[in-house]
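Written below as structure tokens is the structure these notes are about.
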Amino acid sequence: MFSPEPRSEDIWVDILVIDRNGSQQRWPLTHMIEMPYFTRWQKERWRKYCNDHLRLDAERTLWKPFVEYWLRTLQAKGHDPVAIELTRLWRPTQLPVSAALRADVYRGPWNHFVFYRWTAPERGPR
Amino acid sequence: MIRCVRWLWLPLDAFDDWVRTPVDPRPLAFFRFWFGFLCLVNLLLLWNDLPMWLGNDGVLPPQTHLLLQDGTRFNFYMFTGYNDFTITLIRWCGLAGGLGLLAGFFPRVSACAMWLAVSSFSWRNMNILHSGDNLIRIGCFFLMFAHSGEAFTLRRWIATRRAGVRLKPFRHIPAWPQRILQLQLCVAYFVAGMWKATGVAWQSGTAVGTVLQLGEFQRFPIPDWVMTPIVSQLMTHGTLLFELGFPFLIWIPSLRMPVLLVGIVFHAGLEWTMNVQLFQWLITAYYILFLGPLFSRSTQATAIGPAATTAGPACSA
């Protein structure tokens, strides 16, 4: 791990779902530091998938199936999404290291970029 | 000239002896027991999410997987194709394998079952794997060839409870699977250390300080004094020293226990600070394979059966 260089940016991925009724819901998929201790341990593979693969432009083939999976899951729960966005967030680590930079303490701003957006096909006239 | 050749031959002879001389079965058996437990935990952590990771309606449908995978490997999918029934096979085969390893019940078949289960999910979605999965795959593979059911088995435990008498002494077992697993651990540390040593952050001593700023890995809170440049430097270079030193120092009998203790402290620290699921537990499970002298000191295993002719009663690590 962390070879030959550790990652120089703290990162996470989130998903925004916009329903047909206009409501929006955002899930921070891999904002691990905000999760309870047990959940973040349990969701390690989730972090691996999203942060190490899904987030990357080089692995764009994963984006559509990932969103389609969410779509199916949400539709099964009675939602009717019209748009789904995947966003990556990042902020650089800093040197020299100090206690104020500890991940659970530091409150610096996050950069963000929507890297995939799915929209529902238009419904034709009834 | 002949003397020179003989002198050169000595280390090879010693290595040959080390691999061939049968050993006390208890370190490998205890490794199998603890390793089996960790394999089970790993499987249970995955259990509910398997349809999402591996299913045809999951995050990686067959048409996408076909674009990413680099050829067929030996696993369940080779026989079933992209079929969601394979998830059931992985679950139950893995469960049977894990329980078998834990109880020492047909340990070779059990190792084979667990290896198949792990190889199958590894092939179907390699984006979810962590280094712990590799340690499981390697461990199971060599347990398929090892006599790991000579001690710490449920059958033996029940027999002891029922009979209330001392059982037959342990038979010595072929050493080579245990030796390969020991070498595997050394290679893993050495490669990790060498790779790190080429990095600028590891050379400058800032790597640990950088890693501790990554919220995606942080587990439990760390004290403020750890987040200082000097401690970061100490821990960065300490990590390099440990990973590069372990593969060599572990073979010096008088240093073996101190090196293992340092390793336990090192991985316990990582377990506290870093969120990498079962990796620390799995890699330290391999330490059990070096505990031969500890077992021998507690009770001397006596060589019986065919192994006795070459082994003698002494056990080596």
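All of the numbers you see were taken from the coordinates with simple rules; none came from a lab. Keep in mind that this is a model prediction, so the values were computed, not measured. When we count neighbours, we look across all protein chains shown, and the Cβ atoms used for this are built from the backbone with ideal geometry, even at glycine.
For peptide A:5-15, what's the mean number of Cβ atoms from other chains within 10 Å of each residue's Cβ? If you can, show how the numbers build up before the last one.
Numbers: counts 8, 15, 6, 5, 4, 7, 3, 2, 1, 0, 0.
Averaged over the peptide's residues, the number is 5.
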Length-normalised contact order of chain B in % [C-alpha pairs under 8 Å, at least 6 apart]
24 percent
Two decimals is fine: what is log10 I(q)/I(0) at q = 0.12, 0.15, 0.23, 0.30 Å⁻¹ for region A:1-61, from a Debye sum with one equal scatterer on every Cα and no solvent?
-0.39, -0.58, -1.06, -1.23
At 7 Å along Cα-to-Cβ for each site, give me the label-to-label distance between B:Arg137 and B:Trp195 in nm.
1.3 nm
For chain B (alpha-carbon point model, no solvent) the Debye-based log₁₀ I(q)/I(0) at q = 0.08, 0.09 Å⁻¹ works out to -0.46, -0.57
Per-q log10 I(q)/I(0), the protein assembly as shown, q = 0.13 Å⁻¹ (Debye; single scatterer per alpha-carbon; no solvent):
-1.25
Residue-by-residue Karplus 3J(HN,Hα) for region B:134-146, coefficients 6.51, -1.76, 1.60, Hz, glycine and proline x:
5, 5, 5, 4, 5, x, 5, 4, 7, 5, 5, 9, 9
Here the net charge surrounding B:Gln213, from other residues whose Cβ is less than 10 Å away from its Cβ (Lys, Arg +1; Asp, Glu -1), is +1
Relative contact order of region B:20-173, defined on C-alpha pairs under 8 angstrom at six or more residues apart (%)
32 percent
Based on the alpha-carbon gyration tensor of chain A, what equivalent-ellipsoid semi-axes (square roots of 5 times the eigenvalues) come out, in whole Å, largest first?
32, 15, 14
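Just counting partner chain Cβ atoms within 10 Å, what average do the residues of peptide B:185-194 show around their Cβ? Spell out each step's value before the answer.
Values: counts 0, 0, 0, 0, 0, 0, 1, 3, 1, 2.
So the per-residue partner count for this stretch is 1.
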Quotient of Cα Rg and 2.2 N^0.38 Å for region B:182-290, N being how many residues it contains:
1.07
Surrounding net charge for A:Phe115, when Lys and Arg each add one and Asp and Glu each subtract one, Cβ distance under 14 Å:
+1
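Charges at C-beta only: +1 for Lys and Arg, -1 for Asp and Glu. How large is the resulting dipole of region B:1-107 about its Cα centre, in Debye rounded to 20?
380 debye
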Using Cα pairs under 8 angstrom and six or more residues apart, how large is the relative contact order of chain A, in percent?
31 percent
When you look at the Cβ of every residue in A:96-107, what mean number of other chain Cβ atoms sits within 10 Å?
6
How many angstrom separate the Cα center of region B:1-80 from the Cα center of region B:228-301?
21 Å
Determine one quarter of the surface area of the Cα convex hull of region B:20-173, which equals its mean projected area, and express it in nm² to one decimal.
10.4 nm²
Cβ-based net charge around B:Cys186, under 14 Å, with every Lys or Arg adding one and every Asp or Glu removing one
+1
Residues B:Arg162 and A:Thr73, FRET efficiency given R0 of 45 Å [Cβ-Cβ distance, rounded to 0.05]
0.30
Using only the alpha carbons of region B:99-241, what is the convex hull's orientation-averaged projected area in square nanometres?
12.8 nm²
Find how many whole Å separate the alpha carbon centroid of region A:36-77 from the alpha carbon centroid of region B:102-177.
33 Å
Taking a label point 7 Å from the Cα of B:Leu67 along Cα-to-Cβ, the residues of region B:109-143 whose backbone nitrogen sits under 20 Å from it are B:123-129
Enter the angle in degrees (range 0 to 90, nearest 10) between the Cα long axis of helix A:63-76 and the first principal axis of the Cα atoms of chain A, meaning the one along which they spread out most.
60 degrees
Between A:Thr61 and A:Glu34, how many nm apart are label points set 7 Å from Cα along the C-beta direction?
3.2 nm
Cross-link reach from A:Lys77 to lysines, straight Cα distance under 27 Å and at least 8 residues apart if same chain, gives A:Lys43, A:Lys48, A:Lys64
Of all chymotrypsin sites (Phe, Trp or Tyr not before Pro) in region A:61-126, which ones are in loop regions per DSSP and have a Cβ with at most 15 other Cβ atoms within 10 Å?
A:Trp110
